[in-house]
Amino acid sequence: MLHFDLLHKLHSIVTLNERKKLYWLTLALVFIALLDMVGMASIFPFLKVVSTPDLIQTNEKLKWCYSVLGFRDNNSFIIALGGVTFTILVFSNVFRALVMSMVTRITWAQHGAISARLLTQYLYEPYVFFLNRNSAGLTNHLMAEVGRVVGYVLMPSVEMFAKTVFILAVFILLVVVNPLVTLCVSTVMGGGYALVYFCFRNKLASTGAANRAHAESMYQVLNEAFGGVKDIKLLGKEDVFIERFSQPVKKIVDNYCSQSLIATIPKYAFESLSFGGLLLITIYSVVINKNYQEAVPMIGLYTLAAYRIIPALQQIFQSISSIRFGQSALISVCDDMVNYSDYRKEKQGTLGQVLPFTRSIEFRNITFQYPKVQKSIVKDFSLLIKANTTIGFVGGTGAGKTTVIDILLGLLSPQEGELLVDGVKLNGDNLRMWQRNIGYVPQHIYLCDDTVTRNIAFGVPDHEVDRQAVERATQLANIHEFIINELPNSYETEVGERGIRLSGGQRQRIGIARALYHNPSVVVFDEATSALDGITEDTIMEAIHNLAHKKTIIIIAHRLSTVKECDSIYLLEQGRIVDQGTYQELLTNNQQFRKMAKAYEKDSNLLQSLADVTE
């Protein structure tokens with residue numbers, strides 16, 4: 001049965017307005033059920049009058065209707081009574097069609113609303129949340145899991161309630177007609193459905209939970225296949241990914257077939273059983289009671305009741321089965337939507353304002369440790385960065401460079417210490433204000449399948465895009481001439497998914513233009529030139545140096561040539577600053593830095609040799 005904790009979870013993922021719509025929908029479905037019951041109830045007197053016309057004159061209510069409405073003979077009264085019964089049934093069916101249309105609309109609207117709220121929840125989560133979650137899993141939650149919640153839990157719950165009301169109403173009607181027969185039939189049919197459910201309830205829950213894992217695997221394979229299609233084509237590994245995709249798909253299909261089979265098992269058995277029941281009712285009425293006149297209307301009523309009740313019972317059973325099957329999806333979605341409204345309000349911050357920054361950025365005794373990692377990546381880290389200076393971070397893999405930058409960007413919150421901007425400590429209230437000062441250029445630029453303009457003004461509504469700011473940014477990134485002269489539609493050229501129609505260097509420069517679009521006071525380059533050739537890197541570095549002492553520039557470098565012109569370079573090791581100075585000072589005084597410089601020079605010479613051989 002539907003447990004109260006599931007009802008509570010279901011209640012928690014819909015808003016007040018959505019709950020009101022669902023309540024009205026439930027009332028409409030209940031009204032349909034009552035109409036059906038009234039239609040069935042009207043059949044009984046009609047059949048009685050048809051089988052025994054003398055009732056028109058002997059029954060007080062029928063006689064009153066006959067005289068008040070001015071009928072002159074029994075035949076016309078019977079025809080009118082049949083017309084009333086038919087009208088009730090037609091109205092019931094028309095109203096049902098309208099409500100079913102409303103059910104479809106509300107179902108899809110609810111799917112979209114819950115998906116949008118869940119996406120909002122994800123996007124407002126802290127950055128560290130995404131370090132521990134798989135994008136395929138998040139996509140699965142947004143699409144498949146929400147679909148299962150709405151299709152397998154939410155709407156079946158509404159339909160189950162309405163059908164239950166209908167069956168109770170019909171049950172009361174049948175009890176009034178013949179209590180003994182009704183109780184016997186109800187016990188057999190209700191007990192049969194309950195027995196089937198209790199036999200398969202664990203199977204339904206386990207297959208529903210398994211489908212979550214299989215769906216996540218399916219989305220993961222799709223992400224990997226489309227993301228690495230170039231390598232797949234080159235290595236000829238298409239069949240490997242097709243097989244990896246086919247395995248979870250097959251298991252998902254098997255699980256859905258199992259759920260569907262379990263949900264329909266009672267239907268065919270109880271159709272035969274109901275026919276046998278009608279025969280027993282006939283035998284009971286005709287052979288035992290020997291009341292032929294009573295037999296016809298009662299058989300007609302029970303026939304119509306069976307015609308309506310069996311589908312209703314089947315619908316209730318299917319609803320309970322689907323709820324059991326989909327409960328794992330409901331639990332999963334609810335867990336990800338905890339405190340949705342408060343969380344979003346808390347994370348939005350003060351809109352439009354920028355935190356003043358004119359003097360310095362200070363890391364003060366900062367320690368950071370990633371979740372589920374025992375060792376601190378950054379430990380007791382302190383550094384003062386003056387405004388409008390250019391600094392560089394260098395060091396080996398795992399030195400903590402990227403973590404330090406992520407803390408500066410406000411993406412990670414340190415467990416100890418604090419980050420101050422002009423002496424103001426960053427916290428949840430002013431973090432958004434600080435981030436509006438920053439332009440960030442990562443090593444791998446993400447480009448949307450959209451125009452050059454929209455990729456530079458990333459996330460800005462079309463009507464708010466500043467075309468002059470776009471061109472100013474591309475000129476600073478040294479890509480304006482390429483866009484104007486070589487792209488077929490200039491700034492309106494579609495770059496393809498992930499910028500596939502552009503070279504690596506072109507994508508990187510569009511990423512730099514994106515970082516400069518909002519004219520930030522701080523620009524962070526996170527190994528942003530590592531994918532560029534020497535000539536392109538020189539062009540970018542010229543643009544960076546043109547910004548020197550006008551903006552605060554922070555560079556994480558793999559190539560030491562990138563940080564040659566920095567005012568100060570910080571050498572990191574195991575999350576600490578082990579040395580600092582200008583490029584020449586470190587080259588003279590630090591052995592580790594000299595080794596890094598020699599290694600870089602060796603790699604550069606090798607690349608140049610390869611280029612010469614290619615030519």
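Quick note: the coordinates plus some simple rules give every number you see, no bench work behind them. All figures in this text were calculated on a predicted structure; none of them were measured in a lab. Here the Cβ positions follow ideal geometry from the backbone for every residue, glycine too, while neighbour counts run over all protein chains shown.
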request  = For the stretch 441-519, just the Cα atoms, rotate onto the principal axes and tell me the three extents in Å, largest first.
outcome  = 27, 27, 22
task = Go through 251-262, 405-416 and give me the packing order, highest mean Cβ count within 10 Å leading.
result = 405-416, 251-262
query = Under a plain spin-label model, where a point goes 7 Å from the Cα along Cα-to-Cβ, how far apart in nm are Ala387 and Gln415?
reply = 3.5 nm
note = With 0.36 nm assigned to each residue of separation and the Cα-Cα distance removed, Gln374 to Met143 gains 79.7 nm
note = Final fewest-first order of Glu527, Glu18 on the 10 Å Cβ neighbour count is Glu18, Glu527
remark   = Once the mean of 1/r over all distinct C-alpha pairs in the stretch 27-118 is inverted, the Kirkwood radius in Å reads 15.8 Å
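Can you give the translational diffusion coefficient of the stretch 6-163 in µm²/s, computed by Stokes-Einstein from the Kirkwood radius over Cα pairs at 37 °C and 0.692 mPa s?
On the way: Rh = 19.7 Å.
In µm²/s, the coefficient is 167.
If I take R0 = 25 Å and measure r between the Cβ atoms of Val465 and Phe130 in this structure, what FRET efficiency does the formula 1/(1 + (r/R0)^6) give, to the nearest 0.05?
On the way: r = 27 Å, r/R0 = 1.09.
Step by step, r from the Cβ atoms, then E = 0.35.
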ask   = Quick one: if the Förster radius is 25 Å, what FRET efficiency do Val94 and Leu16 give, using the C-beta to C-beta distance and rounding to 0.05?
value = 0.20
task = Mind ranking 457-466, 589-598, 571-580 by how tightly packed they are, going by the mean number of other C-beta atoms within 10 angstrom, highest first?
result = 571-580, 589-598, 457-466
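Would you mind calculating the gained length between Cys199 and Asn74 on full extension (0.36 nm times residue separation, minus the Cα-Cα distance), in nm to one decimal? Present the calculation step by step, with values, prior to reporting the outcome.
Values: separation 125, 0.36 × 125 = 45.00 nm, distance 5.44 nm.
Separation in residues times 0.36 nm, less the Cα-Cα distance, equals 39.6 nm.
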note = If every Lys and Arg gets +1 and every Asp and Glu gets -1 at its Cβ, then about the Cα centre the stretch 425-558 yields a dipole, in debye to the nearest 20, of 520 debye
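Equivalent-ellipsoid semi-axes (√(5λ), Cα gyration tensor) for the stretch 459-595, whole Å, largest first?
On the way: eigenvalues 209, 51, 34 Å².
Values for the stretch 459-595, descending: 32, 16, 13 Å.
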